[in-house]
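Peer 1: Following this message is one structure expressed as structure tokens.
Bear in mind that the values in this text are calculations on the coordinates, not laboratory data. Remember, it's a predicted structure, so these values are computed and weren't measured experimentally. Virtual Cβ from ideal backbone geometry, glycine too; neighbours counted across all protein chains shown.
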Amino acid sequence: MTEQTRLSPGDAAPDFTLPDSDGNPVTLSDFRGRSVVVYFYPAAGTPGCTKQACDFRDNLAELGGAGYQVLGISPDKPGKLANFAEKEGLTFPLLSDPDKTVLAEWGAFGEKKNYGKIVQGVIRSTFVVDPEGTLAVAQYNVKATGHVARLLKELDLAA
């Protein structure tokens, strides 16, 4: 496998501006002063991505109450994201990165194993950006199921 960019805790979070499901621009640096959970997922509406998004939705009150904003990013177009958000009752921003520029900058796109084969694709990843714009958490190849519960525990938010 070729070497690709991987971010680590302590790195500056690469800034970005991406359209949300309504086509409105969302810029990471606009959240300075707050903690942000940025998670990258392969495709809206697929079973794993739906499970992960619904886990974030179901824990949004806890995350929001602790000062965390959640942003989900995939290569899907805004219209598909809008349908996904409406169908699943998602109330946090879903951002569109169809050319995968931001995914690549964050190390969330590249070679991965899929059913034993090496393929190019979205690497399911989650990051926590602190109020100063520095990465506090950088997790690659996370599992869709149970991931949010583990993240809450890591952030000392688990009940």
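Here is a yes/no grid of residues against (1) under 17 Å from Phe40 (Cα atoms); (2) more than 14 Å from the chain's Cα centre (by Cα); (3) in a helix (DSSP H, G or I); (4) among the acidic types (Asp, Glu):
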residue	(1), (2), (3), (4)
Gly79	no, yes, yes, no
Ala82	yes, yes, yes, no
Phe92	yes, no, no, no
Pro98	yes, yes, no, no
Val102	yes, no, yes, no
Gly107	yes, no, no, no
Gly110	yes, yes, no, no
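Peer 1: For residues that are assigned to a strand (DSSP E or B), touching a residue at least 60 places away in the same chain (Cβ under 8 Å) and more than 21 Å from Gly146 (Cβ to Cβ), tally how many sit in segment 22-66.
Peer 2: 3
Peer 1: Moving on to the next point. Return the residues of segment 117-139 that are surrounded by fewer than 18 Cβ atoms within 10 Å (Cβ to Cβ) and under 11 Å from the mean Cα position of the chain (by Cα); say none if nothing qualifies.
Peer 2: Gln139
Peer 1: Let me ask something else about it. Which residues, taken from segment 102-145, are of a type in the set (S, T, N, Q) and in contact (Cβ under 8 Å) with a residue 60 or more places away in the chain?
Peer 2: Ser125, Thr126, Thr134, Thr145
Peer 1: Also, I was wondering about something else. Check whether at least one residue in segment 77-91 is of a type in the set (Phe, Trp, Tyr), closer than 20 Å to Lys112 by Cα and surrounded by 18 or more Cβ atoms within 10 Å (Cβ to Cβ), and report yes or no.
Peer 2: No, the conditions are met nowhere in segment 77-91.
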